[in-house]
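The values are calculated or read from the model by the stated rules, or taken from the named source; none is laboratory data. What you see is a predicted model; the values in this text were computed from it and never measured. Cβ placement follows ideal geometry from the backbone for every residue including glycine, while neighbour counts extend to all protein chains displayed. Side chains included, ligands, DNA and RNA excluded: accessible areas come from the protein's heavy atoms. Shrake-Rupley method; radii C 1.70, N 1.55, O 1.52, S 1.80 Å.
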Amino acid sequence: MKNRVEELRRERGLNQGEFARAIHVSRQTVSAIETGKYNPALDLAFVIAGYFGKTIEDVFEYRGGKTMYCEKCSRVFDGERCPVCGSRRVRQPAEGDLCFLAEQDYLTTSMLEDVLKQENIPFLTKGVMGAGLAIKAGPTLERTRFYVPFERLQEAEEVLDELTGGGEETEE
Ligand SMILES: [Zn+2]
């Protein structure tokens with residue numbers, strides 16, 4: 001990972017087009033920056049970092065950039081501490097590690113299952129109950145967490161993107 005633009009954009013729930021409009025550049029520019037094909041000029045880097053409330057170093061000179069795996073919640077991330085559960089029980093991921101992919105509601109669970117099967121990506125699912133209301137409201141509140149082996153994670157994330165991105169983020 002060359003920079004954190006994509007990660008930060010996703011954290012804010014923006015697609016490339018929405019983010020591009022927010023910082024007044026084309027979607028192609030955002031795409032090129034995120035993939036590391038294009039390094040933004042300092043003024044644009046400043047705008048992007050400022051948009052996320054970060055420093056330029058935070059966004060573009062991501063130190064180490066070492067991918068780690070949280071043994072507690074199975075997240076894969078860059079850094080020394082799990083950003084999701086705060087655990088420091090982290091190590092470098094190994095082949096076969098089951099990594100958290102996404103949490104889906106009952107409507108999208110079967111869609112994701114279908115595409116992962118189509119792509120021959122092995123996965124494991126775990127049901128989680130939503131916010132303690134599950135007993136009252138029944139199975140519709142159940143959410144499903146998807147885990148895939150580390151070596152297939154990137155591929156699975158791309159599949160998930162296509163499913164949830166509405167096809168807008170096409171590569172040129
Ligand atoms: Zn964790």
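Among the residues of segment 108-128, write down those that are closer than 19 Å to Gly96 by Cα, assigned to a strand (DSSP E or B) and free of Cβ contacts under 8 Å to residues at least 24 places away in the same chain.
Thr125, Lys126
Scan segment 78-101 residue by residue and report those that are within 9 Å of the ligand (Cβ to nearest atom), surrounded by fewer than 17 Cβ atoms within 10 Å (Cβ to Cβ) and not in a loop (DSSP other than H, G, I, E, B). Before you say what the answer is, go through the steps one by one.
Filtering segment 78-101 down to residues within 9 Å of the ligand (Cβ to nearest atom) leaves 81-87, 89-90, 100.
Subsequent filtering for residues that are surrounded by fewer than 17 Cβ atoms within 10 Å (Cβ to Cβ) retains 81, 83-87, 89.
Hits for segment 78-101: nothing passes.
Taking the stated definitions as given, is Gly36 in contact with a Lys or Arg (Cβ under 6 Å, 6 or more places away or on another chain) and either within 19 Å of Asp161 (Cα to Cα) or β-branched (Val, Ile, Thr) (or both)? Break it down into steps so the answer makes sense when it comes.
Working: in contact with a Lys or Arg (Cβ under 6 Å, 6 or more places away or on another chain): yes; either within 19 Å of Asp161 (Cα to Cα) or β-branched (Val, Ile, Thr) (or both): yes.
Taking the combined requirement at face value, the residue satisfies it.
Going by the structure shown, is Phe60 among the aromatic types (Phe, Trp, Tyr), open to solvent by less than 50 Å² (accessible area, probe 1.4 Å) and within 16 Å of the ligand (Cβ to nearest atom)?
Working: among the aromatic types (Phe, Trp, Tyr): yes; open to solvent by less than 50 Å² (accessible area, probe 1.4 Å): yes; within 16 Å of the ligand (Cβ to nearest atom): no.
Against the criterion (among the aromatic types (Phe, Trp, Tyr), open to solvent by less than 50 Å² (accessible area, probe 1.4 Å) and within 16 Å of the ligand (Cβ to nearest atom)), Phe60 does not qualify.
Say we look at segment 30-49 and pick out the residues that are more than 20 Å from the chain's Cα centre (by Cα) and under 14 Å from Arg9 (Cβ atoms); which of these is least open to solvent (accessible area, probe 1.4 Å)? Explain how you work it out, then say what you get.
Of segment 30-49, the ones more than 20 Å from the chain's Cα centre (by Cα) are 38-47.
If we keep only those that are under 14 Å from Arg9 (Cβ atoms) too, we end up with 40, 47.
Values: Pro40: 22, Val47: 71 Å².
Among them, the one singled out is Pro40.
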